[in-house]
Amino acid sequence: MPLVNSKKMFEQAYKNGYAIGAFNVNNMEIVQGITEACKEENAPVILQVSKGARAYANHTYLVKLVEAAVKECPEIPIVLHLDHGPDFETCKACIDGGFTSVMIDGSHLPFEENIALTKKVVDYAHERGVTVEGELGTLAGIEDEVVVESGKESYTKPEEVIEFVERTGVDSLAIAIGTSHGAYKFTPAQCTVNEEGVLVPPPLRFDILEEVSKKLPGFPIVLHGSSSVPQEYVKMVNENGGKMPNAIGVPEAQLRDAAKLSVCKINIDSDLRLAMTGTVRKFFNEHPDKFDPREYLKPARANIKEIVRHKLRNVLGCAGKADECK
Ligand code: G3H
Ligand code: 13P
Ligand code: ZN
């Protein structure tokens with residue numbers, strides 16, 4: 001089947017208590033690892049491309065890689081989405097250039113300016129059958145070139161969401177409830193220690209999610225910054241020459257709970273980066289004589305596939321849901 005927009009996926013995800021995985025793609029091995037897992041698990045998927053990805057790999061290469069995945073996986077619905085669209089022009093270039101969904105990220109703008117920019121994108125996108133994600137509230141961490149210092153983030157204000165959605169016409173809304181981008185989402189000082197000595201971060205603000213959901217019944221919510229930073233990969237990186245002290249993510253059980261509520265799209269990038277980097281570092285450490293990129297990218301791709309499979313089955317709950325999303 002051809003690329004689809006996110007409409008049907010979100011309707012089904014909302015109704016049936018799961019979320020669609022939105023995984024960032026930057027090269028062939030990442031596209032293959034994700035889509036091979038989704039094909040084997042019969043899962044719908046959103047492949048998302050950031051401004052940085054377009055600058056790194058080139059728009060055409062990324063679209064063609066995703067088109068190749070569509071051809072190889074004809075039985076699963078795939079969305080090609082712009083992640084953190086920074087302005088109208090980038091959204092327009094992606095809409096005109098084959099994307100089926102875009103995010104316009106006006107979250108750093110004053111409310112009225114965010115509404116005006118988001119509505120402009122929605123008007124252009126909807127005429128062309130493309131769905132749009134907007135954002136209210138800011139996450140800590142780095143989103144492309146926008147760096148939000150820890151402590152300067154702001155939770156979404158539930159009292160703003162109805163007006164934002166009604167005046168812009170967006171199809172989904174990203175909200176800030178305590179997640180953040182990257183591999184350092186919480187400091188050890190913010191965490192408690194459980195009986196096994198594992199650091200447990202403060203819980204996400206489910207109270208805000210519930211208030212937003214009450215105000216927008218049936219409306220799909222998006223969570224950015226939802227990597228869980230698996231400690232086995234942090235260990236693999238650190239044991240093989242890397243230095244990632246105190247990397248901490250969002251506990252997977254909380255994401256599973258969010259997916260059962262109104263959260264229909266969960267963004268995951270850092271976990272795939274960690275799987276890829278840990279695997280490549282380990283390979284180089286164990287095989288200092290090897291220099292064929294295929295030899296180290298092959299296990300990296302295989303581990304991306306396995307981590308995506310785990311997310312589909314155990315975190316998102318969307319394994320086996322491809323058919324109902326068509
Ligand atoms: O939100 C950020 C995503 O992880 C994309 O990261 O801008 O480095 O491609 P990037
Ligand atoms: P992570 O850094 O937690 O993977 O978040 C990715 C993201 O939100 C992409 O938009
Ligand atoms: Zn994001």
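The values are calculated or read from the model by the stated rules, or taken from the named source; none is laboratory data. Bear in mind the structure is a predicted one, so any value in this text is a computation, not a measurement. Neighbour counts are summed over all protein chains in view; Cβ atoms, including those assigned to glycine, are modelled from backbone coordinates with ideal geometry.
Before moving on, here are some points about what is shown:
- Condition met for Met236 (within 16 Å of ligand 1 (Cβ to nearest atom), of a type outside the set (Phe, Trp, Tyr) and assigned to a helix (DSSP H, G or I)): no
- Val102 passes every criterion in (1) surrounded by fewer than 23 Cβ atoms within 10 Å (Cβ to Cβ); (2) within 15 Å of ligand 1 (Cβ to nearest atom); (3) without any contact (Cβ under 8 Å) to a residue 40 or more places away in the chain apart from (1).
- Pairs are defined by a Cβ separation below 6 Å, a sequence spacing of at least 6 or placement on different chains, a first member in the stretch 267-278 that is under 15 Å from His84 (Cα atoms) and of a type in the set (A, V, I, L, M, F, W, C), and a second member that is near ligand 2 (Cβ under 8 Å from one of its atoms) and outside any helix (DSSP H, G or I); the pairs so defined are Ile268/Ser226; Ile268/Ser227.
- Residues that are more than 14 Å from Val132 (Cα to Cα), in contact with a Cys (Cβ under 8 Å, 6 or more places away or on another chain), touching a residue at least 60 places away in the same chain (Cβ under 8 Å) and not basic (Lys, Arg) do occur in the stretch 53-76.
- Qualifying residue in the stretch 252-268 (condition: buried (at least 24 other Cβ atoms within 10 Å of the Cβ), closer than 24 Å to Tyr296 by Cα, of a type outside the set (Gly, Ala, Ser) and within 16 Å of ligand 3 (Cβ to nearest atom)): yes
- Residues in the stretch 269-321 that are of a type in the set (Ser, Thr, Tyr), more than 16 Å from ligand 3 (Cβ to nearest atom) and within 21 Å of Ser227 (Cα to Cα): Thr277, Thr279.
- Residue list for the stretch 78-101, restricted to those being more than 12 Å from ligand 3 (Cβ to nearest atom) and within 12 Å of Val4 (Cα to Cα): Ile78, Val79, Leu80, Gly98, Phe99, Thr100, Ser101
- Within the stretch 279-298, one or more residues are of a type outside the set (D, E, K, R), farther than 30 Å from Lys15 by Cα, in contact with a Ser or Thr (Cβ under 8 Å, 6 or more places away or on another chain) and surrounded by 15 or more Cβ atoms within 10 Å (Cβ to Cβ).
- Considering residues of the stretch 166-185 that are among the β-branched types (Val, Ile, Thr) and either more than 10 Å from ligand 2 (Cβ to nearest atom) or surrounded by fewer than 23 Cβ atoms within 10 Å (Cβ to Cβ) (or both) only, the residue nearest to Leu204 (Cα to Cα): Ile177
- Scanning the stretch 79-89 for residues that are out of contact with any Leu (no Cβ under 6 Å at 6 or more places or on another chain) and surrounded by 19 or more Cβ atoms within 10 Å (Cβ to Cβ) turns up Val79, His81, Leu82, Asp83, His84, Gly85, Pro86.
- Taken together, the residues in the stretch 231-251 that are within 12 Å of ligand 2 (Cβ to nearest atom) and touching a helix residue (DSSP H, G or I) at 6+ places or on another chain (Cβ under 6 Å) amount to 1.
- Checking Gly320 against (1) over 18 Å from the mean Cα position of the chain (by Cα); (2) over 14 Å from Ile34 (Cα atoms); (3) assigned to a helix (DSSP H, G or I), the condition it does not meet: (3)
- Of all residues making up the stretch 215-250, the number that are away from ligand 3 (no atom under 16 Å from the Cβ), under 21 Å from the mean Cα position of the chain (by Cα) and surrounded by 17 or more Cβ atoms within 10 Å (Cβ to Cβ): 6
- Residue count, the stretch 64-87 (criterion: over 23 Å from Ser172 (Cα atoms) and among the aliphatic types (A, V, I, L, M)): 4
- On inspection, Ser270 qualifies as touching a Gly at 6+ places or on another chain (Cβ under 9 Å) and either modelled with pLDDT under 95 or within 16 Å of ligand 1 (Cβ to nearest atom) (or both).
- Subset of the stretch 215-231 (residues that are more than 16 Å from ligand 1 (Cβ to nearest atom), in contact (Cβ under 8 Å) with a residue 40 or more places away in the chain and not in a loop (DSSP other than H, G, I, E, B)): Lys215, Ile221
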